[in-house]
Structure formats: C-alpha cells, structure tokens
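Where a number appears in this text, it was derived from the coordinates with a stated rule and is not lab data. Note that the coordinates shown come from a computational prediction; the quantities given were computed from them, not determined experimentally. Virtual Cβ from ideal backbone geometry, glycine too; neighbours counted across all protein chains shown.
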Amino acid sequence: MNKKTIIPVIIIGIFAIAAIIAFNKTNQTAKNGNATNNTLNNNIAETAPAVTENKESEVREFAMTSFYEIVDDQPKPQYSLKEIAVKKGDLVRIKIIVTKGMHDFKIDELGVYADTKELNKEYVVEFTADKAGEFIYYCTKPSHKQNGHWGTLKVLDN
Ligand SMILES: [Cu+2]
C-alpha cells in the first residue's frame with residue numbers, strides 16, 4: 001500500500017472506533033436507564049401491598065365468653081364483651097366459649113349465626129362487616145336477650 005491509500009484507511013478506522021465507542025456508551029446508558037426503571041418498579045411492587053392493606057380489610061379478632069350468673073335469684077345470661085367496634089370491610093373473627101348454660105350467637109342484619117351449644121368449646125364466628133351501622137348480637141334462647149344476653153357491634157364507615 002502507498003501513503004495515499006493508508007491515510008483514508010486510518011481515517012475510516014478512527015471513525016469506526018469512535019462509532020463503536022459512541023454506540024457502546026449509548027447502550028450502557030440505555031441499560032442503566034432500564035436498571036433504574038427496574039429498581040423503581042421493584043420499589044413500587046414492594047410498597048404497593050402495604051398501601052393496599054391499609055385500604056383493604058383488616059382482620060379484627062375478639063374473644064368472649066357466654067354464660068349466665070344468678071343475680072337476685074334471676075338468671076342473667078350475658079356475653080363478656082358488651083361492645084365490639086370495627087371498620088366497614090373488616091374481617092371480624094369472634095371466638096366464643098360458653099362457660100355456663102345453653103346459648104348461641106346471632107346478628108340478624110349480617111346473617112351471622114353460631115350454635116355454640118357445647119360447653120367450654122371454642123367456636124369461631126367469622127364474617128365481613130360489609131355494612132356500616134350498629135347491630136345487636138344476641139342469644140336466641142328463650143328470654144335470654146330480654147335478660148341481657150346481647151351486645152352491640154359498631155361498624156364504622158371509613
Ligand atoms: Cu343465652
């Protein structure tokens with residue numbers, strides 16, 4: 001090769017190398033850009049459930065006994081919990097143990113019923129509080145409600 005051909009070859013070579021370097025840099029930027037996006041997406045994915053949990057239902061658990069005592073020669077059937085407060089949408093779990101007598105558990109408006117007929121057995125009543133308001137839970141055994149076997153479930157609108 002003579003000098004006249006070598007010079008253009010070198011120039012073309014320099015351009016080619018410059019082009020390769022430039023291309024690699026662009027590629028890296030693109031990769032970095034993707035990496036950043038992925039990190040962002042991951043962060044969003046990690047935090048999203050926590051945010052939804054706050055908005056969605058929580059499990060609210062309660063425990064009570066159901067029994068009667070004799071006051072002035074009169075039986076006083078009752079639940080140990082007289083009031084329960086939850087938020088609308090909560091999953092409500094109530095554990096009930098009957099320690100004396102024959103009782104059950106009912107909430108008319110929410111379609112909840114548990115026949116807690118066995119003594120000292122833990123019954124678990126579970127339902128979603130899908131309506132806001134105040135509801136009475138009570139025992140359906142004859143005259144139990146009238147004699148005090150009831151309580152109030154407050155479902156608060158968020
Ligand atoms: Cu009762």
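Describe numerically, in nm with one decimal, the distance between label points set 7 Å from Cα along Cα→Cβ at D115 and at K87.
Computed distance between label sites D115 and K87 equals 3.7 nm.
What FRET efficiency do you get for I70 and K141 if R0 is 25 Å and r is their Cβ-Cβ distance, rounded to the nearest 0.05?
0.95
With no solvent and one point on each alpha carbon, what is the Debye value of log10 I(q)/I(0) for segment 59-156 at q = 0.17 Å⁻¹?
So the normalised log intensities are -0.68.
Bin by bin, in steps of 5 Å, what percent of the Cα pairs in segment 56-105 do you find, going until the bin that has the longest distance?
5, 18, 23, 19, 14, 10, 7, 4, 1, 0
What's the local net charge at K87, with K and R +1, D and E -1, over the other residues with C-beta under 10 Å away?
Details: positive: R60, K88, K154; negative: E58, D90, D157.
After counting each charged neighbour, the total is 0.
Going by average Cβ neighbours within 10 Å, how do the peptides 89-95, 57-63, 105-111 rank, with the highest at the top?
Put in order of decreasing packing, that is 89-95, 105-111, 57-63.
Can you give the local net charge around D157? Use residues other than it whose beta-carbon is closer than 9 angstrom to its beta-carbon, Lys and Arg +1, Asp and Glu -1.
Numbers: positive: K87, K88; negative: none.
Here the charged neighbours net out to +2.
I want to check a number: in segment 78-117, how many lysine pairs have alpha carbons closer than 16 Å, given a sequence separation of 8 or more or different chains?
6
Which of the peptides 114-126, 132-144 is most tightly packed, and how do the rest follow, going by the mean number of other Cβ atoms within 10 Å of each residue?
132-144, 114-126
Summing +1 for each Lys or Arg and -1 for each Asp or Glu, what net charge is found among the other residues whose Cβ lies under 14 Å from the Cβ of P142?
Residues near P142 contribute +2 overall.
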